[in-house]
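Below is one structure, written out as structure tokens, with a few remarks after it.
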Amino acid sequence: MFKSIKCATFAAIRCAGFNALRCGYRLRLSMRFFNLFGEYVLLMRKVFSRPEKFRVYYHQTIKEMDKLGLQSVGIVVVVSLFIGAIITIQTAYNLGNPLLPRYIIGLSTRDVMFLEFSSTIVSLILAGKVGSNIASEIGTMRVTEQIDALEIMGINSASYLIMPKIIATVLFNPFLTLVSMFVGIVGGWMAGVFTDVTTTQEYLWGIQFTFVPYYITYALIKMFVFSFIIATVSSFFGYRVRGGSLEVGRASTQSVVSSSVLVLMANLVLTKLLL
Amino acid sequence: MITVSHVYKQFEDGRVALNDVCATFDQGKTNLVIGQSGSGKTVLLKCIVGLHEVTSGDILFNDVVFNRLNFREKKSIRQKMGMLFQGSALFDSLTVEENVMFPLEMFTQMTRSERRDRANVCLNRVNIVNANHLYPAELSGGMQKRVAIARAIALQPHYLFCDEPNSGLDPRTSVVIDTLIQEITHEFNITTIVNTHDMNSVMGIGDKVIFIHQGNKWWEGTSADILHSDNEELNQFVFSTELTKKIRP
């Protein structure tokens, strides 16, 4: 009897202890989140302050468009071409029923490319390519005291380094979405025709069937928001680096993971709001 | 003139880096701050230039309390500052010429050719020739330091700050950099503060020397006074190498 009471007491204490630990952990986690969010908001306030010299910022934005946007066209083209082709072949493979019209292949390729791939998946690819580039560039500038050098000169380093990147990606990435849509459709057509799963006519009919032009606007709005998330989150993680090369690498990883998760969360919200 | 008045700096983790430091750095002189690694020299320099906020105390630039100004007010004083960092801190993506032209582009209304001319004057002053189109990664450590000096003097600063300008350089190049800093200080009549633990620099260019030990100002004097000081900690620092032990009076 006494033994069972003792066991029950220990179990209760252990349970309470675990609960307290769990609560403490959750509290720490939420505090860390609010801390990071607060830092992010403060950084953005610094970023969107009046530029020192518009001409210099304009030139920086053009350079960033080349570095972050134009140099991403290649990977977007390659990935979109193959994904368009794969969607076509997989749709054809799943259309076992002869009663189903073959133009569905073109239609499904179009819808997947327009609604999800060219905005969300391309954004995830860009979060990896552009996001890590931004975080490691700014992080390296931080650890090699280049950001301190800017501050000493009286330059708002956050604004000078981050604002052109945000403007460049927000303006250029929607163009990448359009490229991805076009190339994906072409990739689908090539795969369909060369593997004989559809004809050009059926495919063209499919991509025009019940076409809703709003899908393009929807994809462009999504890309606009995702580009902002990628540029700001990556810059944030790069800007707050302290230490050496190890921390720069860690910031780069953090930026890719965080911006990817945020892109997916924003995707859910935007899809609910816009469709 | 720069005055540091009762500066106390404590980091968020509770570590006290500077403890009631008072010092005056004279105009037209090379003021040296010496001390062991971790003594608080760099923290003091970063507090002076505003990269670290002081916990208490004041930093005065010609009677203007710098640490109490807002970002916009600080900007006008910062444009009179030039700084040479330990690792040079040249912008990787810009060429030598663009690095020197950068502050001119940001803060002056000069045309491109005027900026280029000014950059060439500064680069010639630090004996950098035919390297205008090279990137920092293509330069030696000594050349990077000289380009950083050229960038620091491009806007004709009133204050020059150097954080361990000789670190990673051979003795001969160190002397070149030291001499350059001293010449520029006297030539432009600027207030120069140099952080160093290189005794060659101390003996060579130290018009005024301040010794920092464990976050406190431990000793102040001239480079000539150092050899005759009876301060135990200073003597341990100064006469720590075999070479300096031999010249001990």
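FYI, it's all coordinate maths here, none of it is from the lab. The structure presented is a predicted model; accordingly, all values stated were derived computationally and were not measured. In this analysis, Cβ positions are derived from the backbone assuming ideal geometry, glycine residues included, and neighbour counts consider all displayed protein chains.
In table form, for the structure just shown:
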{"item": "Eligible lysines near A:LYS67 by straight Cα distance, threshold 19 Å, same-chain separation 8 or greater", "result": "A:LYS129, A:LYS165"}
{"item": "Antiparallel content of DSSP bridges confined to the protein assembly as shown, in %, to 5", "result": "50"}
{"item": "B:LEU134 versus A:LEU204: modelled label distance in nm, points set 7 Å from Cα along the beta carbon direction", "result": "6.1"}
{"item": "Percent of Cα-Cα distances greater than 15 Å, calculated over the range B:178-237", "result": "50"}
{"item": "Per-residue Cβ neighbour rank within 10 angstrom, fewest leading, A:TYR160, A:TYR203", "result": "A:TYR160, A:TYR203"}
{"item": "Candidates per GluC sites (Glu not before Pro) in the range B:1-99, loop by DSSP, up to 15 other Cβ within 10 Å", "result": "B:GLU12, B:GLU53"}
{"item": "At least 27 Å along the helix axis (C-alpha) and Kyte average at least 0.0, DSSP helices within chain A", "result": "A:2-47, A:73-94, A:157-194, A:214-239, A:245-274"}
{"item": "Mean projected area in nm² (Cα convex hull; one quarter of hull surface) for the range A:40-99", "result": "7.9"}
{"item": "Anisotropy class of the range B:2-246 from Cα gyration tensor, a/c 1.5 cut", "result": "oblate"}
{"item": "Length-normalised contact order for chain A - Cα pairs under 8 Å, 6+ apart - percent", "result": "30"}
{"item": "Positive-end residue, the protein assembly as shown charge dipole about Cα centroid, Cβ charges, pick of B:VAL202, B:ASN235, A:ALA11", "result": "A:ALA11"}
{"item": "The range A:1-142 - Kirkwood radius from inverse mean 1/r over Cα pairs (Å)", "result": "21.5"}
{"item": "Cα centroid separation - the range A:135-214 against the range B:1-71, whole Å", "result": "46"}
{"item": "Shape box of the range B:98-209 [Cα atoms, principal axes, largest first, Å]", "result": "43, 30, 18"}
{"item": "Point-to-point label distance, A:PHE54-B:GLN109, nm (Cα→Cβ direction, 7 Å offset)", "result": "1.6"}
{"item": "Neighbour-count order for A:SER157, A:SER235, fewest beta carbons within 10 angstrom listed first", "result": "A:SER157, A:SER235"}
{"item": "Long-range Cα-Cα pairs in the range A:89-190 (distance over 20 Å), rounded percent", "result": "57"}
{"item": "Convex hull of Cα atoms in chain A, direction-averaged projection (nm²)", "result": "23.0"}
{"item": "Between 0 and 90°, nearest 10: helix B:141-153 axis offset from chain B longest Cα axis", "result": "80"}
{"item": "Chain B: most fluctuating residue of B:GLY168, B:GLY204, B:GLY14 per GNM, C-alpha cutoff 10 Å", "result": "B:GLY14"}
{"item": "Within a Gaussian network of chain A (alpha carbon springs, distance under 10 Å), most fluctuating of A:ARG242, A:ARG28, A:ARG250", "result": "A:ARG28"}
{"item": "For chain B, built as a Gaussian network whose Cα springs stay under 10 Å, the top-fluctuating residue of B:ASN120, B:ASN216, B:ASN130", "result": "B:ASN130"}
{"item": "Dmax and Rg, reported as Rg then Dmax, of the protein assembly as shown (C-alpha, Å)", "result": "30.4, 105"}
{"item": "Relative contact order of chain B, pairs being alpha-carbon contacts under 8 Å that are 6 or more residues apart, as %", "result": "27"}
{"item": "Proxy reagent accessibility, fewest Cβ within 10 Å first, across A:SER136, A:SER227, B:SER93", "result": "B:SER93, A:SER136, A:SER227"}
{"item": "Share, in percent, of DSSP beta bridges within chain B that are antiparallel, nearest 5", "result": "50"}
{"item": "Nearby lysines by direct alpha-carbon distance to B:LYS29 (threshold 16 angstrom, same-chain neighbours under 8 apart not counted)", "result": "B:LYS208"}
{"item": "Gyration tensor verdict on the range A:147-275 (Cα atoms; rounded if a/c is under 1.5, prolate if a/b is larger than b/c, oblate otherwise)", "result": "prolate"}
{"item": "Square roots of 5 times each gyration tensor eigenvalue, C-alpha, the range A:1-47, largest first, Å", "result": "45, 4, 4"}
